[in-house]
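Written out below as structure tokens is the structure these notes cover.
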Amino acid sequence: MRDAMIVMARPDGRDERMTSSCALSLAYGSDENSFKLETSPREAPSEGWRVYVDGTPWGGIVDKVKASKGRDGSPRVVCSGRTWQGILAGRRLT
């Protein structure tokens, strides 16, 4: 997904910043429910942060952050984690 405003929030839920200069891909299904966010090093969230598109069900919690290089060789960061649906799927609600 491109051209959407991505909100990045601290682990306590406080919104920290918004950006559209990133790429967010989400996968849903019984064995997926994960996301990948690629952005610049200065805008990358840390592990435990929340990322989401306001007003949509798209988002989740960052579980892993890894340095990478973009197609043009520029430094990039790839963050991956569980979507909100993936978090709920991993819990037993009673």
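The values are calculated or read from the model by the stated rules, or taken from the named source; none is laboratory data. Computed from a predicted structure; not experimentally measured. Cβ: placed from backbone, ideal geometry, glycine included. Neighbour counts: every protein chain shown. Accessible surface is based on the protein model in full, side chains and every heavy atom, while ligands, DNA and RNA are left aside. Shrake-Rupley method; radii C 1.70, N 1.55, O 1.52, S 1.80 Å.
To the nearest 500 deg cm²/dmol, what mean residue ellipticity at 222 nm is calculated for the chain from DSSP H runs of n ≥ 4 alone, each contributing -39,500 (n - 2.57), summed and divided by the residues? Each step should come with its number before you reach the end.
On the way: 1 runs with 6 residues, N = 94.
Estimated from H runs of four or more residues: -1500 deg cm²/dmol.
Can you send over the carbon and sulfur percentage of the accessible area for the chain, probe radius 1.4 Å, protein chains only? It would help to have the intermediate numbers written out before the result.
On the way: 2900 of 6080 Å².
Percent of accessible area from carbon and sulfur atoms in the chain: 48.
Between Ala4 and Glu16, how many nm apart are label points set 7 Å from Cα along the C-beta direction?
Placing both labels 7 Å along Cα→Cβ, they lie 2.0 nm apart.
Apply the Karplus curve 6.51 cos²θ - 1.76 cosθ + 1.60, θ = phi - 60°, to the phi angles in segment 77-82 and return the couplings in whole Hz, x for Gly and Pro.
10, 10, 10, 9, x, 8
Residues of the chain: accessible area per residue at 1.4 Å, in Å²? Walk me through the intermediate numbers first.
Values: 6080 Å² over 94 residues.
Value returned for the chain: 65 Å² of accessible area per residue.
Taking θ = phi - 60°, what integer Hz values does the Karplus form 6.51 cos²θ - 1.76 cosθ + 1.60 yield along segment 4-14, in sequence order, with x for Gly and Pro?
Values, residue by residue: 9, 7, 9, 9, 10, 10, 5, x, 7, x, 6 Hz.
With no solvent and one point per C-alpha, what does the Debye sum give as log10 I(q)/I(0) for the chain at q = 0.11, 0.12, 0.23 Å⁻¹?
The calculated log intensity ratios at q = 0.11, 0.12, 0.23 Å⁻¹ are -0.30, -0.35, -1.20.
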